[in-house]
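Just so you know, all these numbers are worked out from the coordinates, no wet-lab data involved. Fair warning: this is a prediction, and the values are worked out from it, not measured in the lab. Positions of Cβ are backbone-derived with ideal geometry, glycine not excepted, and every protein chain shown enters the neighbour counts.
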Number of protein chains: 2
Amino acid sequence: MTDFLYPSKWLSKASAGDRVTCELRMRIISGLIESGAIISENKLAADFAVSRSPVREALKVLASENIIRLERMGAVVIGLTEKEIEEIYDVRLLIETFVFERLVKMDVTELVKELSKILEMMKVAIKYQDADEFSYQDLLFHETIIRSINHSYMLMIWNNLRPVMESLILLSMRARFQEKYEDFDRIIKNHELYIEAIQTKERTLMVQSLHQNFDDVQGKVDDLWMSQQMLSKGVEKEND
Amino acid sequence: MTDFLYPSKWLSKASAGDRVTCELRMRIISGLIESGAIISENKLAADFAVSRSPVREALKVLASENIIRLERMGAVVIGLTEKEIEEIYDVRLLIETFVFERLVKMDVTELVKELSKILEMMKVAIKYQDADEFSYQDLLFHETIIRSINHSYMLMIWNNLRPVMESLILLSMRARFQEKYEDFDRIIKNHELYIEAIQTKERTLMVQSLHQNFDDVQGKVDDLWMSQQMLSKGVEKEND
DNA sequence: GTTATAATACTTGTATACAAGTATACTTGA
DNA sequence: TCAAGTATACTTGTATACAAGTATTATAAC
């Protein structure tokens, strides 16, 4: 009976399975469905007013993303702890560093142009306080970088990580637009630095901006995410 | 109507969906189903004598592994080119290097013991020319290392990669037992070196053994895999 | 012979049905 | 009050049915 957390316009052409997947993911990561909770196909199907087929599909996906665990009877919600959020950024750091090493040996003019465009979009999204659009462009920014080296398995890792990050960023950006509006200046600056690093191919600059970005985003994500969790439910810390 | 490529004893408790997934993966990676081929749920369901449900499940999994591409009508087989095999090893290198950095700061006595046990198992598998068992232990060896640092997202990457690697290693090892029996000495030596690197926490030794392992395995995998592909079908090189 | 339109045969996504298995609760016996 | 066994209500995995949509083929008009 809750409102939907996932941007409905991103689901315009999506199947029921995708809808359930995305919405369920948002509810888990936001803490609306608590970690440790047991969810069953039947109950979810009833909740979302769909049959078991799309729900089943969703659970398989979420299990591969490590935010639920499929068991014999019902799926157990794992969710994200602070530790796991840090781990996600470990992986991003790993991937994007690898990607940068490839970029150094490539012609990046096209990529830089593309990234500049996305950055402009991000600025517009800020101007109109569109958190969802901003999140979308932010993700697109990094995805564009990763895509540019044409490495299908790096892209695969990104794709496996993407949905969870999407949820995290969505929640974090929505909160920020209300509370910490000034943060966006810093985020934009960091992305500009990132583009510059790619353009000049300066390794040090890139690592710096990447870390800065993560320090910046990660800390805040944790804070906001924690507070969001505290808001949406009572404290529950005994899990794990 | 073909014989099954995937070890049937690994599927003793598996669902029909898992069976189809594993077998289909093997057929695609072995080249038995050519890349570029279009496969449909209905046809596969008929082939495997199951309903569309498990087949559908299998296709979703294989799509997330990047060896098929789901399209509007039918799925297109992508398979693995040499480039992609190299990419897989890029990822392994990335992960295992990361893991090693963590291991350096940890107590590894338990891990080393576990790895030694697995290595013994591998030797026994060689002695009895059990390619499938050897492959299993080989994968387990690396998975054990990765598991030891307790990093759920590194493990997630591994899990996403694992099935494809499993297929590759299975095919490669089976071929080797027939053609290049002496290779196994080198493989064992490399794993011993790996254990030593972990034990002594010597970064250089680890990188060395890792690269050696990959140079060793990768080159051979390519060769054998190519020849296997050539065997199992006519030459087809126009794709991508 | 070529083009446009209509019919057909396939495709996916979802709902539903059913079998086999597992936990819970309840009854029966002491 | 407690133990053991049975009944019941859940669970998953698979099969099947059906609707909506998409290619292909055949037909008809020119």
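Taking B:Gln178, B:Gln212, B:Gln199 as the candidate residues, the one with maximal mean-square fluctuation in a Gaussian network model of chain B, Cα springs under 10 Å, is B:Gln178. Remark: label point of A:Gln129 defined 7 Å out from Cα along the Cα-Cβ vector; separations to the same position in other copies 7.6 nm, ascending. Taking other C-beta atoms within 10 Å as the exposure proxy, A:Val104, A:Val20, A:Val164 rank A:Val104, A:Val164, A:Val20 from fewest upward.
Other chains near A:83-89: what is the mean number of their Cβ atoms within 10 Å of each residue's Cβ?
3
Under the simplified labelling scheme, the B:Glu202-A:Val104 pair shows an inter-label distance of 2.7 nm, with each label point 7 Å from Cα along Cα→Cβ.
Just want the ordering: A:Phe134, B:Phe141, from fewest to most Cβ atoms lying within 10 Å of their own Cβ. Provide the component values of the computation, followed by the final result.
Details: A:Phe134 25, B:Phe141 19.
So the ranking, lowest neighbour count to highest, is B:Phe141, A:Phe134.
In the assembly of identical copies, B:Thr200 has its label point, taken 7 Å from Cα in the direction of the beta carbon, separated from the corresponding points by 4.2 nm (ascending, one decimal). Summarising the label geometry, the points placed 7 Å from Cα in the beta-carbon direction at B:Glu192 and A:Val112 lie 5.3 nm from one another.
Sorted ascending by nearby beta carbons within 10 Å, beginning with the fewest, B:Glu182, A:Glu41 become B:Glu182, A:Glu41. The aspartates and glutamates whose alpha-carbon is closer than 20 Å to the alpha-carbon of A:Lys9, local same-chain residues fewer than 8 away aside, are A:Asp18, A:Glu23, A:Asp130, A:Asp132, A:Glu133, A:Asp138, A:Glu166. Dividing the summed -39500 (n - 2.57) terms of all DSSP H runs of n ≥ 4 by the residue count of chain A sets its mean residue ellipticity at 222 nm at -24500 deg cm²/dmol. Inter-copy label distances at A:Lys83, using a point 7 Å along Cα-to-Cβ, come to 4.0 nm with the shortest given first. Excluding residues on the same chain fewer than 8 positions from B:Lys60, give the lysines whose Cα lies under 20 Å from its Cα. Within the straight-line limit of under 20 Å, B:Lys60 reaches these lysines: A:Lys13, A:Lys60, B:Lys43. Name the most mobile residue of B:Ser12, B:Ser116, B:Ser53, meaning the one with the largest mean-square fluctuation, in a Gaussian network model of chain B with Cα contacts below 10 Å. Comparing B:Ser12, B:Ser116, B:Ser53 in a Gaussian network model of chain B, the most mobile one is B:Ser12.
Against chain B, whose longest principal axis comes from its Cα atoms, helix B:82-103 is set at around 40 degrees. With 0.36 nm allotted per residue and the present C-alpha distance subtracted, the B:Lys127-B:Lys13 stretch has 38.3 nm of extension available. Working from Cα positions, state the angle (0 to 90°, nearest 10) between the long axis of helix B:16-30 and the longest principal axis of chain B. It is inclined by approximately 80 degrees. At a Förster radius of 25 Å, what calculated FRET efficiency corresponds to the Cβ-Cβ distance of A:Ser40 and A:Glu143, to the nearest 0.05? Efficiency at R0 = 25 Å is approximately 0.15.
Listed by chain and number, the lysines whose C-alpha is less than 28 Å from the C-alpha of A:Lys189, apart from same-chain residues fewer than 8 away, are A:Lys83, A:Lys105, A:Lys113, A:Lys117, A:Lys123, A:Lys127, A:Lys180, A:Lys201, A:Lys220.
The value obtained for chain B, namely the Cα convex hull volume divided by the number of residues, is 132 Å³ per residue. Here the dipole of the protein assembly as shown is about 1020 debye; that uses its Cα centre as origin and unit charges on the Cβ of Lys and Arg (positive) and Asp and Glu (negative). The B:Leu32 and B:Ser53 beta-carbon pair, evaluated with R₀ = 25 Å, returns a calculated FRET efficiency of approximately 0.60. Note on the range A:19-42 and the range A:71-106: Cα centroid distance 20 Å, given to the nearest whole angstrom. Working from Cα pairs under 8 Å separated by at least six residues, relative contact order for chain B is 22 percent.
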